[in-house]
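Take a look at the structure below.
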């Protein structure tokens, strides 16, 4: 081999050393060993996790299902109404001579509200009473005529009897006997006429007495009185105003409400209307008076449901002796409606699971295993629901059960108080 031309010394370089290859091989072997060790550790941890999961018992909260036997508390909006309302119109034509009440005045039954001056009506009554006196005098005269006619009949009968006897003995003519007999008949006719005059006079008196009674009743309406205990809610006349009788379609003189007892009207939906009947207790709350609760009873209902809304109109009578409540208020009415169906159980909403199997709950058995039971929701109240199928009350329900909790799986129950469960 000849020396390279560009190598001034003419020397040949030494072959590469084997140290680099050995170092690379060692690094590769270390990496492989580290990877194998990591894989083995991961496999061991996975096996350990699998074994832990196989024997893991989750800690889950449980609460006892409560059977509901008491009435259903149903809260609905309502409004207060006066127990009685009266719009008072004039029944006597005249002028308002006196006004004793004003808007908001409280009155008792029989108190004088207004006095109407009606001189024309007063004079009509005086005239009718005078005519009644005349008719009564005519009755006395007719009765006197009856007495006179009765005496004439008696005299005619005596004369006829005497004449008939004399005519039979030949002392009087037959003509005289016939005349006296005709006289008896004539006097009897006069008596019947006099008695008819008495009946006519009595009938006239009755008719005039009715007229006098009507006018007295009308003059009685000159004094306008309160029909019941209550408050004046409207006043539309003042002293000097002219009012017309029989103006039922016009503006009333006054309006009154009775508010010592109020009616509270509430519309009950169809699902609760079956249990609503007179005697059911009710609580009334006014938003503007949060510290007050008023109580009453359902006294009446429409019986039939309104076709447009499928609701039953019920009225609650609420005593209001201190007049705290006022007609026209918007209120909340809580009715205690008796339960008409079967067993109903209260369940916290977080105990329900909705999936392809329907609505179910997980029940913790005495051996701390779990069984799934389908239920039917009868009433949803937000945080709690009422079910009428699937539960009988007293079961231990699992709260917020995990999705992988299987039938027969074991749990570590953590009981909660019913109140705490209800507050969640």
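The values are calculated or read from the model by the stated rules, or taken from the named source; none is laboratory data. All figures in this text were calculated on a predicted structure; none of them were measured in a lab. Cβ sites come from the backbone with ideal geometry, for glycine too, and all protein chains shown count toward neighbours.
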For the range 212-220, check the following and say yes or no: at least one residue is within 23 Å of residue 106 (Cα to Cα) and in a loop (DSSP other than H, G, I, E, B). no
Strands (runs of 3 or more DSSP E) lying entirely in the range 345-406 (those with 2 or more residues that are touching a strand residue (DSSP E or B) at 6+ places or on another chain (Cβ under 7 Å) and more than 21 Å from residue 75 (Cβ to Cβ)): 352-355, 358-364, 370-374, 396-398
When you look at residue 237, is it more than 30 Å from residue 317 (Cα to Cα), surrounded by fewer than 15 Cβ atoms within 10 Å (Cβ to Cβ), modelled with pLDDT of 90 or more and outside the structural domain of residue 320 (by TED's automatic domain parsing), yes or no? no
Does any residue of the range 100-112 turn out to be assigned to a helix (DSSP H, G or I) and without any contact (Cβ under 8 Å) to a residue 40 or more places away in the chain? no
Scanning for something more than 30 Å from residue 212 (Cα to Cα), modelled with pLDDT of 80 or more, in a helix (DSSP H, G or I) and out of contact with any helix residue (DSSP H, G or I) (no Cβ under 9 Å at 6 or more places or on another chain), does the range 152-173 turn up at least one residue? yes
How many residues does the range 102-116 hold that are crowded, with 19+ Cβ neighbours inside 10 Å and either under 32 Å from the mean Cα position of the chain (by Cα) or over 22 Å from residue 218 (Cα atoms) (or both)? 1
Can you tell me which residue among 185, 135, 191 is in a helix (DSSP H, G or I) and touching a residue at least 60 places away in the same chain (Cβ under 8 Å)? 135
